[in-house]
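Notes follow once the structure below has been shown.
Each value in this text was obtained by applying a stated rule to the coordinates, not by laboratory testing. Source: prediction; values computed, not measured. Heads up, the Cβs are rebuilt from the backbone with ideal geometry, glycines too, and the neighbour counts pull from every protein chain shown.
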Amino acid sequence: MASTGPVRPAPGRLSLKQQWATWPGSATAALAHAKAHLAQGSAASELWLTRTLACDPGQPEAPVLLASLLVQAGRSDAGRRVLRRAAAMTPALWSVWMSMATLGWRSEAYREALPFNRRGVILRGPDPAMQMQLGILEALAGSAQNARRLATDVLARDSSQLQAAIDAGVIALSKNRVAAAAILLEGILDRRPEAAEAALVLKHARIAASQAPEDMNEIRRDWRSAGRLHPRDAQRPQPSYLVIRGYGCGFWGEVLNTAINLALADIMGRTPVVYWGGEVRYRHLQQPNAWDLYFEPVSPTTVDDLAPLETTSFPSYWKPSALTTMEHLGTFAQQIGHVSGVTGLVAVNRPETIVVSDGYADMNDVLPWAAPGHRWASARALDVFREIFARLIRPQASLRAELDRQASQLFGSRPHVAVHVRAQSKGKNEEALEGGGVSLPGYFRHVDRVLAGLPGAGVFLLTDLDHAVEAFRQRYGDRIVTLERLRLIQPDEHLPEVSDLGFDKSLDGYRLGLEVLVDAHLAARCERFVGDGASGVSAAITMLKPWGDDHVSLLRRNVFTERGGRIAGPFGKSG
């Protein structure tokens with residue numbers, strides 16, 4: 001009778017040892033088993049991957065899978081050994097080198113990963129995604145110039161990689177490689193100046209760099225800037241311009257933002273042109289440029305002068321013919337879901353004739369960008385604000401005459417203490433440097449102390465809160481001087497998310513702007529001032545004249561002169 005041979009169990013019932021013996025020399029079969037066990041999450045996958053490499057040490061897939069498995073199990077060193085052996089056996093296998101680079105990424109050993117990543121890209125050949133990944137690693141490892149070169153080369157060949165290039169800047173910034181992020185993003189914007197999101201991320205990188213001298217020095221070395229001006233600012237054809245748009249905040253917040261951009265214009269050697277368009281609440285329809293309702297022009301040039309120019313602009317969606325439009329809002333909403341634009345800070349060292357600032361950065365983020373030799377290179381923010389207000393931000397002549405009349409009528413020859421009380425809100429309390437609010441009893445303590453040194457002085461109260469007027473009158477009687485104003489009725493303890501008359505669209509924006517402008521300038525004519533440094537109104541009052549240090553008392557620190565490094569917009573809390 002013929003022998004039928006040994007009976008082979010069904011494949012699903014074989015033990016691991018029996019399966020191993022069934023295909024003693026087949027790397028392909030072993031790898032298939034490994035993948036099946038991987039799909040099931042079985043621990044046997046490691047054994048089958050090891051078997052695959054024993055059968056064929058040059059098998060391309062197995063070392064990558066095995067190393068990944070070991071790393072996931074917390075055995076990174078074992079994974080590295082597998083990949084190094086594979087690299088020694090098959091040095092031309094790009095996937096092994098890329099896997100070695102990935103291990104370095106995961107452990108944040110960027111310098112260790114960099115040569116592996118470079119080797120993998122060389123072996124793989126022209127692959128935009130891999131080259132962009134290498135660009136990120138170059139930035140993280142500190143090779144900012146290499147990162148910029150890779151990103152711009154890829155963008156020159158494949159415009160679809162723009163988002164990946166911007167993401168490289170975001171990743172570098174998130175890993176605190178601030179200078180590398182800034183240098184990389186500058187290169188991206190040289191290639192794609194219309195990229196709104198790249199400009200916004202560069203804004204954050206420059207804000208972060210402004211608070212870190214070592215990052216500033218690295219950026220300057222990249223620019224090779226040792227003189228008075230930044231290289232491209234010095235080479236740019238003159239005249240050139242900075243158009244300053246509104247930001248969409250409170251009245252004095254708009255004015256202070258304009259002052260910060262006027263400082264930028266001086267630092268960059270550009271002629272400033274202020275245009276408060278539809279984004280500014282404090283206007284009436286008869287005047288397209290709301291700035292002209294309140295203040296004299298900051299230069300002889302207007303946006304109407306710029307509109308006919310056939311010249312370059314940055315960001316490039318701000319064409320000269322579109323400077324009076326709301327185009328930036330639509331551009332940002334479409335590209336990144338954020339309606340506020342970018343600060344003029346991103347325009348430092350740009351070659352374009354016209355640049356537009358439609359966002360916000362603090363003065364302490366701007367002043368570090370003054371080139372060596374500039375008079376503001378080591379200046380205090382408060383001193384710069386005061387110079388700009390004295391020289392450039394002057395109320396219209398008719399308003400100055402009205403201020404003279406009202407000051408004479410209200411104050412006469414009697415000394416006065418100006419007191420500004422702002423309605424409290426959750427947002428304003430979070431924005432305060434102290435992270436908390438203030439109360440009316442807190443004001444009373446400050447005012448009492450000031451009045452003790454000025455016997456017989458009156459109190460000029462400016463406030464947007466109705467019940468604050470009554471509380472001050474009850475305490476100080478006929479010493480209180482105040483003007484008829486639109487005010488909030490709700491008490492402080494309600495702490496609404498937004499507590500600002502300026503955002504109530506049912507009210508006349510021009511009237512609101514005029515009232516708070518007059519109040520602040522009258523306050524600056526008083527002998528002493530008590531205010532809230534978290535408020536744009538109080539901050540502006542401290543800048544309208546050179547007060548003595550002991551003549552100003554703020555319940556909270558002045559955010560406009562002391563704050564810096566704040567990430568605002570979609571990457572942070574404040575917008």
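Numbers for the structure displayed
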read-out	value
Packing-based order for 298-308, 97-107, 351-361, using average beta carbon neighbours within 10 Å, highest first	351-361, 97-107, 298-308
Antiparallel %, DSSP beta bridges [both residues in segment 397-562], to 5	0
Sum of side-chain charges, A32 neighbourhood, beta-carbon under 12 Å (Lys, Arg +1; Asp, Glu -1)	+1
Charge context of L451, other residues only, Cβ under 12 angstrom, K/R +1, D/E -1	+3
Spin-label pair H374/S439, simplified geometry with 7 Å Cα→Cβ offset, distance in nm	4.4
Acute angle (nearest 10 degrees) that the helix 196-210 long axis makes with the longest principal axis of the chain, alpha-carbon atoms	70
Cβ crowding within 10 Å averaged over residues, with 112-125, 129-142 ranked highest first	129-142, 112-125
Rough spin-label spacing in nm, given labels placed 7 Å along Cα→Cβ, for A39 and K545	8.3
MRE, 222 nm, helices only [DSSP H, n ≥ 4, -39500 (n - 2.57), over the chain, to nearest 500]	-15500 deg cm²/dmol
Helix 466-476 vs. the chain, principal-axis angle (Cα, 0 to 90°, nearest 10)	50
Of K203/K426; K35/K175; K203/K428; K175/K505; K319/K545, pairs whose Cα-Cα distance is over 30 Å	K35/K175; K175/K505; K319/K545
Rounded to 10°, Cα long-axis angle of helix 213-223 versus longest principal axis of the chain	80
Cα→Cβ-extended label distance, 7 Å offset, between R149 and D478, nm	8.2
Candidate values [x] 30.8, 103; [y] 32.2, 133; [z] 29.5, 96, label of the one derived for Rg and Dmax of the Cα atoms in Å	[y]
